Structure formats: C-alpha cells, structure tokens
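J.: Here it is: the structure, laid out below.
The values are calculated or read from the model by the stated rules, or taken from the named source; none is laboratory data. On a predicted model such as this, the values are computed, not experimentally measured, just so you know. FYI the Cβ positions are ideal-geometry reconstructions off the backbone, even for glycines, and counts take in every protein chain you see. SASA here: full protein model, heavy atoms, side chains in, ligands and nucleic acids out. Shrake-Rupley method; radii C 1.70, N 1.55, O 1.52, S 1.80 Å.
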Amino acid sequence: MKRRTVIKQLAAAIPAAMLHHQLQAASFLFNEAGDNILKGTFKPTWESLQQYQTPEWYRNAKFGIWAHWGPQCQPESGDWYAREMYMEGSAKYKYHLEKYGHPSQFGFKDVINEWKAANWNPEELVSLYKNAGAKYFMALANHHDNFDLYNSKYHKWNSTNIGPKKDLIGGWEKAARKNGLHFGVSVHAAHAWSWYETAQRSDKSGAYAGVPYDGKLTKKDGKGKWWEGYDPQELYAQDHPLSENSSDNGAIHKQWNWGNGVNIPSAAYCKSFLNRTIDLIDKYNPDLIYFDDTALPLWPVSDAGLKIAAHLYNKSIKEKGKLEAVIFGKILDEQQRKCMVWDIERGQSNNIEPLPWQTDTCIGSWHYQQSIFTNHKYKSAKTVIHTLVDVVSKNGNLCLSVPVKGDGTIDSDERKIVEDIGKWMAVNSECIYDTRPWKIFGEGPALENVAALSAQGFNEGKGKPFTSEDIRFTAKENILYAVALGWPENGKVLIKSLSSDNALHLKAINSVTLCNGTALQFKRSIEGLEIILPADKPETNYAIAFKIS
C-alpha cells in the first residue's frame, strides 16, 4: 500500500488538530513495522477490506464461549478493576485499600504479580464448553490493563514472565484444538494509553493526599524491588499528558474513538501494539479476533488496525487456500460492516441483518466478581437460550462469556448454568446450527416494546420479557423451525404467522415434531398454526423448538 493512501484516509477521518502528529505516526509505522505485514489479496485500506466474505463455518457455528480471564480476575471484584482502583472513593478503590493497601504502594502491577492461576485446567473447561454446544472458543489475549497473556516477543509484561509464569493463550489454544473447536482471541490493549490515566492521580484528601499513585513509575524506580528490570511504563503507558476532562471518570467513553480531547497515542505505542498483535497471530493462529474498539484498534489515529486485519486475512488465504478468518469490530458504519463482522456488546439487533453479526455478552461481570456468585445473580440458562434463539433468528451468532476466577476455575453456579445450556442444546441444536433466517425473524408481544441499540449495543434486558407467545424462526433446507420462548400454561402454542392464508407460508404443512422426533398434533386455520404440546413437560422447557415440514 502506498503511504499517501494511508495519509489520505487518516486526513479524512480525524480532526485537523490531530493530523500533524498522526502523519508522523503513520510514517513511523511504515518505516519500522511494514515488513511484518503479510502481503496478498487484502491491502490495509477500508476499500480493500470490503472484499471480505464471512466464512461459512462461522455462519454455521452460531454459538461460542469466551474466557474473559486475566489478572483483573485476581481480586474477584468485577470489571475495569485496574482503572477504578485508582479512582479515590470508588468501590474498587476502597476494596483495594482493604485488601492490598494504598495504590501508591501497591499498584496494579503488584496485583499481576500475586496472580498465579494455580488451579487452571484449560482442557477440562473447554471440554465442558464443547459439551454445552459451543462450536468456537475465545480467550482473552490482553485487556485494557495492557498485560499480554501469552509468550509475547515485544512486551515483557506478559504471563510467561510475571504472575502465572504460564503461556495462557498457548494452553487455551491447545485445549480448543484438541476439542475440535475453532479458536479465537480477544484483544483490548489498544486503549491502555488513556484507560490507565487514573493511575497518574493521587488522593485529594486523607493521609495519602498528594502522594502519587504508581502510574508514573519508571524502570529506575524498581531497584531492589520484585519488578527490578521491568519498566512500569511499558505496562501503564502513562509517560504523557492527561487527556482533556480526565478528571471526569466517564469521559473515556466519549473518547473511545480517539476523539473528544483524548491524548493521542505516540508512534512508538502504536508500533508496539501492532507488533504485539502480529506476533499473537503468527504464534497462535487464531481463527477469530475480537477487538474491543470502535471499528479497528487505534483507528482513526493510526492504520495499525487496518494492517492487522489485512495480515490476518492474507495469512488465512495463504495457509488454508481461502479466507476462513473472522474479525469482530464495534460501532461499524455501513462500509466497515463489509470489512469484518459487526459485534454488538450486551445487546442484539432488532431486525434480520443482511450480513452476519455477533452478540457478545456475559452471564455476570466481564471480570470475575465474587458477589455475583454469593448473591446468585448470574444470567440463567433460560435467558442465555432465549438470547441465542433470538440472535440466530436475525442472522447472528452468540459469544457467551463465562467469568473465570483468579485461580483459573469457575464456580458451582456457573457450572450448573453451562450444563443446563448443554442439556437444551443436546435436544434442540438442530434449530440453531447450520440455519439461516426465515422470511421474518419472529412474532409475539416482545416485538411491541423493543429497546434501541446504544453505542456498542447495551439494549440487553431493556425490552419486554419473552413469553410463550414469542416465536422465533430459523430455516434449513426445506425445514422451518419455530421456537416458542416458553411453555404455555394451556399446553397449546399458536403461531399466527403460519395461518392458512398467510403469504409467508402458503404451502401445506404436513408434519410438526419436536427436535427429539416426537410427533405433535396440530391444526391450521386462518387464526394460525395451533400446536398441541405433549403432557410431559421437559426439564429444559424454557424454549420449545418445533420442526415444521
């Protein structure tokens, strides 16, 4: 790709005030990192990436499970711990004071050092997830905390050197391949630059007022300490001025697309992220990469994400003979949705989407939170199955995070939920796998009160709850599947969209069965298709799949 192409794209995408700095960054990337990028059909431009076609294996898979597991699970206090522990007065700040001490003396780097993952058994967990019906497995490769969970060539702050002293991505990959699952990684570290800015702060009151937290420490400060020889700035990336409005804890959400006054990452930071991610791809050969970014990482202030995408796609074609790789991105415009798979966080589309997409959600907090287990507040298997069926009916996939404890295990509530998902899938998965949307995705009262998407998604649980009157449709070859999202008290399901005079389905209906083969009595009229349920209610009765032919 010619340098002027990247410069043209950057100029169009970012405000003029940012441009001079960023043109220098683009030039730096070309000169220093260009040789790492595999050349081929795809070039690192949005125009070239529009050639992308979602692979059939992914469209058929429908369901994946995700281990969003890293050092922020060690305190077992929930998501964004490494940012919020530096917010004076916050719940995580107070928890940190009590458990570890003041952040000027015990920072997140020290939490990482305490994390040992002593009971981690990737083979057992991935096998459990396969039995639950997952067709792909995704593991966290790094989070906004900037700690690589693999044997990173370009980043000393990684899990083979510090903390567990294990190659976690290597272990997950081996387990996924052994279980015949496609393997994915999630990459979140691009935002460490602004996300960790809270570590530059100090308390405003109390005994430690004015004492800086550990976010500005450097390599020379480590003499005689456990981290001697390591540079905290390689982890925290805080050797830069604060972003505008950095005292506003919520400002980062408005700056997620590298605008609205955020401090722009340096060329060296962008280069490091690029090299780390290319190294991850080349070492572990992921089939899927999830980016927790608006569009691609560091866009529009760097072309690093474009290069990573082109590299992965070209690598897939070179090694497999055709494009089999999947990249997920968020808040995509119409052009960008042609370049990768659109991901919706904690929410789902309200329509059948013309292109494949994915919902990612979690049964609890993204990073393990003990209080959710203590209070038994996880999403139920029923909720997960309802989400899966709804998403698949609209041309989507579901990637479900099951939080992992600091020691590498999951708790008993989580295990029961996963097993219950597996029980439903064991009987009904044919209405999920290998299907495509029907002419409409569904019917029922929940359609009368749907919640709109907001930013990355976040409309989950905001609409009307599903009932047995809510039906979702999928199709495969000459078979129509209709799934009722509940068991009606009167033992009858009425599907109005399949009435005898409905143009959606004018063909005769000769057979209605459950997915286990049980034949059901039915009657079709101008009111709809009425199906009589069997007298014995199954254990997994929260969604009933009918096979109609």
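J.: Between D221, D231, which is in contact with a helix residue (DSSP H, G or I) (Cβ under 6 Å, 6 or more places away or on another chain), open to solvent by 30 Å² or more (accessible area, probe 1.4 Å) and not polar (S, T, N, Q)?
T.: Details: D221 fails: in contact with a helix residue (DSSP H, G or I) (Cβ under 6 Å, 6 or more places away or on another chain).
Among D221, D231, only D231 is in contact with a helix residue (DSSP H, G or I) (Cβ under 6 Å, 6 or more places away or on another chain), open to solvent by 30 Å² or more (accessible area, probe 1.4 Å) and not polar (S, T, N, Q).
J.: While we're here: Considering only segment 404-424, I want to know if a residue exists there that is surrounded by fewer than 22 Cβ atoms within 10 Å (Cβ to Cβ) and in contact with a Ser or Thr (Cβ under 6 Å, 6 or more places away or on another chain).
T.: yes
J.: State yes or no: is A139 in contact with a helix residue (DSSP H, G or I) (Cβ under 7 Å, 6 or more places away or on another chain), in a helix (DSSP H, G or I) and small (G, A, S)?
T.: Working: in contact with a helix residue (DSSP H, G or I) (Cβ under 7 Å, 6 or more places away or on another chain): yes; in a helix (DSSP H, G or I): no; small (G, A, S): yes.
Considered against the rule, which asks whether it is in contact with a helix residue (DSSP H, G or I) (Cβ under 7 Å, 6 or more places away or on another chain), in a helix (DSSP H, G or I) and small (G, A, S), A139 comes out as no.
J.: Let me ask another. Can you report the number of residues in segment 281-324 which are open to solvent by 10 Å² or more (accessible area, probe 1.4 Å), of a type in the set (S, T, N, Q) and touching a helix residue (DSSP H, G or I) at 6+ places or on another chain (Cβ under 9 Å)?
T.: Within segment 281-324, residues that are open to solvent by 10 Å² or more (accessible area, probe 1.4 Å), of a type in the set (S, T, N, Q) and touching a helix residue (DSSP H, G or I) at 6+ places or on another chain (Cβ under 9 Å) number 1.
J.: What pairs can you find where one residue is in segment 87-113 and open to solvent by less than 30 Å² (accessible area, probe 1.4 Å), the other is assigned to a helix (DSSP H, G or I) and of a type in the set (G, A, S), and their Cβ atoms are less than 7 Å apart, with a gap of 6+ or different chains?
T.: Correct list of pairs: G107/A199; F108/A82.
J.: List the residue pairs whose Cβ atoms are under 7 Å apart, where the first residue sits in segment 260-279 and is on the phi > 0 side of the Ramachandran plot, the second is open to solvent by 20 Å² or more (accessible area, probe 1.4 Å) and outside any loop (DSSP other than H, G, I, E, B), and the two are 6 or more positions apart or on different chains.
T.: As it stands, the answer is N260/K254, since those pairs meet every condition given.
J.: Given the condition open to solvent by 40 Å² or more (accessible area, probe 1.4 Å), over 27 Å from E414 (Cα atoms) and either over 21 Å from the mean Cα position of the chain (by Cα) or modelled with pLDDT of 95 or more (or both), answer yes or no: does some residue in segment 65-84 qualify?
T.: No, there is no match, as no residue in segment 65-84 is open to solvent by 40 Å² or more (accessible area, probe 1.4 Å), over 27 Å from E414 (Cα atoms) and either over 21 Å from the mean Cα position of the chain (by Cα) or modelled with pLDDT of 95 or more (or both).
J.: Related question: Suppose we filter I112, I162 for residues that are within 26 Å of M85 (Cα to Cα), assigned to a loop (DSSP other than H, G, I, E, B), of a type in the set (A, V, I, L, M) and at pLDDT 95 or above; which single one remains? Don't jump to the end; show me each part of the working.
T.: On the way: I112 fails: assigned to a loop (DSSP other than H, G, I, E, B).
Sole residue among the options that is within 26 Å of M85 (Cα to Cα), assigned to a loop (DSSP other than H, G, I, E, B), of a type in the set (A, V, I, L, M) and at pLDDT 95 or above: I162.
J.: Filter segment 429-441 for residues that are under 16 Å from A61 (Cα atoms) and either open to solvent by 10 Å² or more (accessible area, probe 1.4 Å) or among the β-branched types (V, I, T) (or both) and give the result.
T.: Narrowing segment 429-441 to residues under 16 Å from A61 (Cα atoms): 429-437.
Result: S429, E430, I432, Y433, D434, T435, R436, P437.
J.: Just to be sure, is N395 surrounded by fewer than 23 Cβ atoms within 10 Å (Cβ to Cβ), over 30 Å from P488 (Cβ atoms) and at pLDDT 95 or above? I'd like the intermediate steps shown before the answer.
T.: Working: surrounded by fewer than 23 Cβ atoms within 10 Å (Cβ to Cβ): yes; over 30 Å from P488 (Cβ atoms): no; at pLDDT 95 or above: yes.
No: the conditions fail for N395.
J.: At least 1 residues that are touching a residue at least 60 places away in the same chain (Cβ under 8 Å) and touching a Lys or Arg at 6+ places or on another chain (Cβ under 7 Å) in each: list the helices (runs of 4 or more DSSP H) lying fully within segment 166-250 that qualify. If you could, list the steps in order and put the result at the bottom.
T.: Details: elements: 168-178, 192-195, 232-236.
Answer list for segment 166-250: 192-195, 232-236.
J.: Being part of a helix (DSSP H, G or I) and touching a helix residue (DSSP H, G or I) at 6+ places or on another chain (Cβ under 7 Å) is the filter here, so list the residues in segment 263-279 that pass it. Walk me through how you get there before you give the answer.
T.: Here is the first cut: in segment 263-279, the ones part of a helix (DSSP H, G or I) are 267-279.
Residues satisfying the conditions are A267, Y269, C270, K271, F273, L274, N275, T277, I278.
J.: Report every pair of residues separated by at least 6 positions or lying on different chains whose Cβ atoms are under 9 Å apart, first residue within segment 522-543 and farther than 30 Å from A503 by Cβ, second of a type in the set (A, V, I, L, M) and in a loop (DSSP other than H, G, I, E, B).
T.: Close Cβ pairs (under 9 Å, with a partner that is of a type in the set (A, V, I, L, M) and in a loop (DSSP other than H, G, I, E, B)) amount to P534/L520; Y542/L485.
Listed here are the residues, each with its yes/no results for (1) crowded, with 19+ Cβ neighbours inside 10 Å; (2) at pLDDT below 95; (3) not in a loop (DSSP other than H, G, I, E, B).
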site	(1), (2), (3)
Y481	yes, no, yes
G486	yes, no, no
V493	yes, no, yes
L504	no, no, no
I509	no, no, no
D536	no, yes, no
T540	yes, yes, no
K547	yes, no, yes
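J.: Right, something else. Return the residues of segment 287-308 that are touching a Gly at 6+ places or on another chain (Cβ under 8 Å) and assigned to a loop (DSSP other than H, G, I, E, B); say none if nothing qualifies.
T.: Those that are touching a Gly at 6+ places or on another chain (Cβ under 8 Å) and assigned to a loop (DSSP other than H, G, I, E, B): D287, A295, L296, P297, L298, W299.
J.: Follow-up. From the list H143, H182, which one is on the phi < 0 side of the Ramachandran plot, open to solvent by 50 Å² or more (accessible area, probe 1.4 Å) and under 17 Å from the mean Cα position of the chain (by Cα)? I'd like the intermediate steps shown before the answer.
T.: On the way: H143 fails: open to solvent by 50 Å² or more (accessible area, probe 1.4 Å).
Result of the check over H143, H182: H182.
J.: Just need a number here: residues in segment 196-218 that are out of contact with any Phe, Trp or Tyr (no Cβ under 8 Å at 6 or more places or on another chain), aromatic (F, W, Y) and crowded, with 23+ Cβ neighbours inside 10 Å.
T.: 0
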